[in-house]
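Take a look at the structure set out below.
Throughout, read-outs are computed from the coordinates displayed, never taken from laboratory work. Bear in mind the structure is a predicted one, so any value in this text is a computation, not a measurement. Every residue, glycine as well, gets a Cβ built from its backbone with ideal geometry; the counts of neighbours run over all protein chains shown.
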Amino acid sequence: MQVDNLLLKDKVCIVTGAAGINGIGLRTARMFYEQGATIVISDVNADACNQVRSMFDAERSMVEVSNVTNRDDCVELAKKVVERFGRIDVLVNNAGITQPVKFDEITGEDYDRIMDVNLRGMLYMSQAVSPQMKAQKSGSIINTSSVSAQRGGGIFGGPHYSAAKAGMLGLGKAMARELGAHGIRVNAVTPGLIATDITGGKLTEEMKERILEGIPLARLGKPEDVAKAFLFLASDLSDYITGATLDVNGGMHIH
């Protein structure tokens, strides 16, 4: 592919929660990088950050240990990116955690932890990058919600996970209305069941067969399936799309 045809040439893109070797975040970061982006990976796991740092050319990448639930961490990360690369074009709010528990089993601590990483993290990181995007009069913020938000439950996430992911959709639409005047687009992707480490080995063959019966495309999703959706929303191909939700679930939820 010719350099001029790269979809993210000269764009500076942050992907949070992106140091997991088999995760959606790292696959997204690599795809963005392959499409010409300068990539910034953040993750709370220092060992994982050290492991992925060598995968990218240091001139076009930054890997930082950062906690999205800490507002100061988010502000500091955005500051470092601007100081080094001069701009922020794309933020993918990918950091998230889940917990497979029933409604009656959810504790206050469980609720706070799931809400903090998924929803508060989206808020803090978006607030951290918005001043720079406003100054540029351009930017794309992409939020990783879930089919669980739409169906009222997924395969591995508890009800509080559904609530957090649904909150991301509502917050994102409100952000799209407010930030659109500044040239900032805000969209969401709702993955179905994606084959990553988040399943924690809990997906048995029997469960897989049962799940596949409800997926018209008859396969589980792959991290690159979601990364391609992120790529579209990050690029100028989607420059008149904001406040939208893009389903990536193989037809698991058709509505």
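Before moving on, here are some points about what is shown:
- Residue selected from segment 232-255 under the condition among the hydroxyl-bearing types (Ser, Thr, Tyr) and surrounded by 12 or more Cβ atoms within 10 Å (Cβ to Cβ), by the criterion nearest to Lys165 (Cα to Cα): Thr245
- From the list Asp104, Asp110, the one residue that fits, being of a type in the set (D, E, K, R) and either touching a helix residue (DSSP H, G or I) at 6+ places or on another chain (Cβ under 8 Å) or surrounded by 20 or more Cβ atoms within 10 Å (Cβ to Cβ) (or both), is Asp110.
- Considering residues of segment 167-198 that are of a type in the set (A, V, I, L, M) and more than 17 Å from Asn94 (Cβ to Cβ) only, the residue surrounded by the most Cβ atoms within 10 Å (Cβ to Cβ): Ile184
- Residue count, segment 126-167 (criterion: without any contact (Cβ under 8 Å) to a residue 60 or more places away in the chain, assigned to a loop (DSSP other than H, G, I, E, B) and of a type outside the set (Ser, Thr, Tyr)): 7
- Meets criteria (more than 19 Å from Thr98 (Cβ to Cβ), in a helix (DSSP H, G or I) and touching a Phe, Trp or Tyr at 6+ places or on another chain (Cβ under 8 Å)) for Leu246: no
- First in segment 60-85 and more than 12 Å from Val15 (Cβ to Cβ), second anywhere and buried (at least 20 other Cβ atoms within 10 Å of the Cβ) and among the hydroxyl-bearing types (Ser, Thr, Tyr), Cβ under 6 Å, 6 or more apart: Arg60/Thr38; Arg71/Tyr124; Asp73/Ser66; Cys74/Tyr124; Phe85/Thr38
- Just one of the listed residues (Gln51, Gln35) is among the polar types (S, T, N, Q) and touching a Leu at 6+ places or on another chain (Cβ under 7 Å), namely Gln35.
- Number of the condition not met by Ala229 [criteria: (1) touching a residue at least 60 places away in the same chain (Cβ under 8 Å); (2) crowded, with 17+ Cβ neighbours inside 10 Å]: (1)
- Considering segment 212-247, the residues that are of a type in the set (A, V, I, L, M) and over 13 Å from the mean Cα position of the chain (by Cα) include one that is nearest to Ala18 (Cα to Cα), namely Leu220.
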